[in-house]
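**Student:** Dropping a structure here in structure tokens format, bear with me for questions.
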Amino acid sequence: MLPQALDSGRRISRHIMTLFLFTKSDVLTTLLPVTLFALANAPHPHATRILEIIIWIWIHLLKFDISNQIQDPEEDKRNKPDRPLPSGRITAQNAADVRWLLVPVCLMFSAMYGGQTLASSACFEALSIWYNEFGGHKFALSKNILTAVGYTCLEAGATIVAGSSPCLDSISARAVAFSCAVFATTLHAQDFKDEEGDRFIGRRTLVTLFPTFARISMLIGVPLWSFFLSRLWNVDSICSIAFIAYGTVVGGRFMVYRTASADKQSCKLYSVSDLKELEVSPC
């Protein structure tokens, strides 16, 4: 009995690790920032719901990442061979089965928190299908817009999960709207680290089409948004200077350091930057 139990435990651990590896690259760039956003944006956040927030975000990310990674495994063999599909941890068919199984799971989980959370989940799924199955990720404009709106759906749903109300109030909705605007205009920060792979498969992103303009837009856009949002939320002078300085450093990195490893680090700094907190409330 003991050997069988140990063997079952190893198989379960392997399956859990496989699911985690689908979302590993999104922990710092999406899971952590959206969790912090939800806690800061919810009118009356419940500290006891932190685990629920993380689970809600993660299962939606998992569903999206599986859908995304089964579209073109050859790209991952070249750029990200440690992912579950190219490393042989799971077959494409089994991954697709998990992806579609997660659709009703996400919807039912979201329905527990009210109509707006359910709508956020359904909208995120629709955008995911457009982005992955219908090729929205292949073109610069649709890629940025779909990603920005999808990210906003995660923020809206997670904010409701974090709070005591089944609806967003006016301030929370305003923060989510500005978050969408920030992402729509700066989200190509995530494309720099994948530029080589995107060029290899012919994906048309802002970075592959206009590489110099894309870097200049980060140099200008991130500190400019930091300044605008600090004024919008009436942040005091010391915090404003700190936010703008950090935004300038992050934007400047994309212009100065242009290797794949440097772009990956710049993307992480962008994703967890103080700009996320500025979208929500004053310092």
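**Student:** Search segment 234-276 for residues being outside any helix (DSSP H, G or I) and open to solvent by less than 30 Å² (accessible area, probe 1.4 Å), and hand back the single one that is nearest to residue 27 (Cα to Cα).
**Tutor:** So the residue we want is 273.
**Student:** Just give me the residues in segment 69-91 being part of a helix (DSSP H, G or I) and open to solvent by 60 Å² or more (accessible area, probe 1.4 Å), in sequence order.
**Tutor:** Selection gives 74, 77, 78.
**Student:** For segment 202-231, how many residues are open to solvent by 60 Å² or more (accessible area, probe 1.4 Å) and either assigned to a helix (DSSP H, G or I) or in contact (Cβ under 8 Å) with a residue 24 or more places away in the chain (or both)?
**Tutor:** So the answer is 11.
**Student:** Does any residue of segment 109-132 turn out to be crowded, with 16+ Cβ neighbours inside 10 Å, touching a Pro at 6+ places or on another chain (Cβ under 9 Å) and closer than 28 Å to residue 228 by Cβ?
**Tutor:** Scanning segment 109-132, I find at least one residue that is crowded, with 16+ Cβ neighbours inside 10 Å, touching a Pro at 6+ places or on another chain (Cβ under 9 Å) and closer than 28 Å to residue 228 by Cβ, so the answer is yes.
**Student:** Condition (residue is surrounded by 16 or more Cβ atoms within 10 Å (Cβ to Cβ), without any contact (Cβ under 8 Å) to a residue 60 or more places away in the chain and not in a helix (DSSP H, G or I)) applied to segment 36-53: is it met by at least one residue?
**Tutor:** No, there is no match, as no residue in segment 36-53 is surrounded by 16 or more Cβ atoms within 10 Å (Cβ to Cβ), without any contact (Cβ under 8 Å) to a residue 60 or more places away in the chain and not in a helix (DSSP H, G or I).
The values are calculated or read from the model by the stated rules, or taken from the named source; none is laboratory data. Just so we're clear, the structure is a prediction, and the values are computed from it rather than from any experiment. Heads up, the Cβs are rebuilt from the backbone with ideal geometry, glycines too, and the neighbour counts pull from every protein chain shown. For the accessible areas, the whole protein counts, side chains as well, though only heavy atoms, and no ligand, DNA or RNA atoms are used. Shrake-Rupley method; radii C 1.70, N 1.55, O 1.52, S 1.80 Å.
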